[in-house]
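Q: Questions regarding the structure given below will be posed in turn.
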Amino acid sequence: MSRMSAEARHPVRFTLNGRAVSGRAEPRTLLCDFLRHTLGATGTHVGCEHGVCGACTVRVDGAAVRSCLMFAVQAQDRRVETVEGLAGADGELSALQRAFRHHHALQCGFCTPGMLISLTSYLEQNPHPSEEQVREVLSGHLCRCTGYTGIVRAAMEVVAASARSTEGEHV
Ligand code: FES
Ligand code: FES
């Protein structure tokens with residue numbers, strides 16, 4: 001690495017799935033590349049690099065964003081969450097991850113991290129959406145394998161479970 005390019009790197013520090021992380025990045029380095037190549041968090045996938053496919057979706061301060069449309073330096077002091085953070089500390093999968101497994105909502109799995117992050121984020125804000133609304137969320141994600149059927153079923157299973165627990169609270 002030349003002295004000049006080393007000097008062009010800036011320190012970047014943020015929390016990743018609740019843990020403080022840091023590294024150095026050029027101003028042009030994308031957040032997805034920083035996550036994967038500098039931090040080794042390869043759960044976030046990179047497809048189109050143009051904000052179209054949704055594979056690179058992560059959460060920043062709670063909002064789902066395309067990490068290929070954000071520079072690493074823009075994550076400074078923020079809270080970044082990736083698919084690696086969805087399971088519990090003991091490794092237990094989230095309800096949505098379990099539903100994906102149950103409904104065979106993935107084949108190659110390339111789109112899955114982005115799907116999981118977007119749906120997790122959306123369902124937190126809207127725990128009782130219609131199937132149509134879920135499909136609308138998924139319209140921001142490209143999956144070339146599944147035809148989306150299993151993904152929609154998985155999401156709706158989580159929605160139904162959430163509705164049952166809400167009803168239980170009111171009994
Ligand atoms: S890689 Fe970011 S949207 Fe496709
Ligand atoms: S499971 Fe292969 S792209 Fe979605």
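The values are calculated or read from the model by the stated rules, or taken from the named source; none is laboratory data. A quick note: this is a predicted structure, and the numbers were derived from the prediction, not measured. Cβ sites come from the backbone with ideal geometry, for glycine too, and all protein chains shown count toward neighbours. Note: areas computed on protein heavy atoms with side chains; ligands, DNA, RNA excluded. Shrake-Rupley method; radii C 1.70, N 1.55, O 1.52, S 1.80 Å.
Q: What is the distance, in nm, between label points placed 7 Å from the Cα along the Cα-to-Cβ direction at Ser130 and at Arg79?
A: Calculated label separation equals 3.2 nm.
Q: Let me ask something additional. Could you give each residue of region 48-57 its phi-based ³J(HN,Hα) in whole Hz, using Karplus coefficients 6.51, -1.76, 1.60 with θ = phi - 60°, and x for Gly or Pro?
A: Calculated HN-Hα couplings, in order: 7, 6, 10, x, 9, 7, x, 4, 8, 5 Hz.
Q: Can you tell me how much longer the chain between Met156 and Thr15 gets when fully stretched, taken as 0.36 nm per residue apart minus their C-alpha distance, in nm with one decimal?
A: My answer for the length gained is 47.7 nm.
Q: When only alpha-carbon atoms count, how far does region 1-73 stretch along each of its three principal axes, as whole angstroms with the largest first?
A: 36, 27, 18
Q: Going by accessible area, probe 1.4 Å, with all protein chains left in place, what is the ranking of His128, His102, His45, largest first?
A: The ordering from most to least exposed comes out as His102, His128, His45.
Q: Now, a different point. Among the trypsin sites (Lys or Arg not before Pro) within region 88-150, which fall in a DSSP loop and have no more than 11 other Cβ atoms within 10 Å of their own Cβ?
A: Taking region 88-150 and a limit of 11 other Cβ atoms within 10 Å, the loop trypsin sites (Lys or Arg not before Pro) found are Arg144.
Q: Short version: ³J(HN,Hα) in whole Hz for each residue of region 68-75, in order, from phi by Karplus 6.51 cos²θ - 1.76 cosθ + 1.60 (θ = phi - 60°), x for Gly and Pro, what are they?
A: 3J(HN,Hα) across region 68-75, in whole Hz: 8, 10, 10, 7, 4, 5, 6, 8.
Q: Relative contact order, percent, of region 1-107 when contacts are C-alpha pairs under 8 Å separated by at least 6 residues?
A: 27 percent
Q: A further question on this structure: At a threshold of 8 angstrom on Cα-Cα distance, excluding pairs fewer than six apart, so keeping six or more, what relative contact order does region 24-171 reach in percent?
A: 24 percent
Q: Another question, then. Return the ratio Rg/(2.2 N^0.38 Å) for the chain, where Rg is computed over Cα atoms only.
A: Relative to the 2.2 N^0.38 Å estimate, the chain comes out at 1.12.
Q: Continuing with the same structure: List, in order, the whole-Hz ³J(HN,Hα) value for each residue of region 81-88 obtained from phi through the Karplus relation with A = 6.51, B = -1.76, C = 1.60 and θ = phi - 60°; use x for Gly and Pro.
A: 10, 10, 4, 5, x, 6, 6, x
Q: Amide H of Arg24 versus every other amide H placed in the peptide plane: which residues, excluding those fewer than 5 positions away on the same chain, fall under 5 Å?
A: Counting only residues 5 or more places away or on other chains, the set is Val12.
Q: Filter the trypsin sites (Lys or Arg not before Pro) in region 9-56 to those in DSSP coil with at most 14 other Cβ atoms within 10 Å of their Cβ, and list the result.
A: Arg28
Q: Over all directions, average the projected area of the Cα convex hull of region 95-170 and note it in nm².
A: Hull-based average projected area comes out at 4.6 nm².
Q: Do any GluC sites (Glu not before Pro) in region 81-136 lie in a DSSP loop with no more than 15 other beta carbon atoms within 10 Å, and if so, which?
A: Qualifying residues, ordered by number: Glu92.
Q: Could you check the simple spin-label distance between Ser22 and Glu167, using points 7 Å along Cα→Cβ, in nm with one decimal?
A: 5.2 nm
Q: What net charge do the residues around Gly150 carry, taking every other residue with its C-beta under 12 Å from that of Gly150, with Lys and Arg at +1 and Asp and Glu at -1?
A: Spelling it out: positives minus negatives among the neighbours equals +1.
Q: Which value, in debye to the nearest 20, gives the size of the charge dipole of the chain about its Cα centre, when Lys and Arg are +1 and Asp and Glu are -1 at the Cβ?
A: Dipole about the Cα centre, nearest 20: 600 debye.
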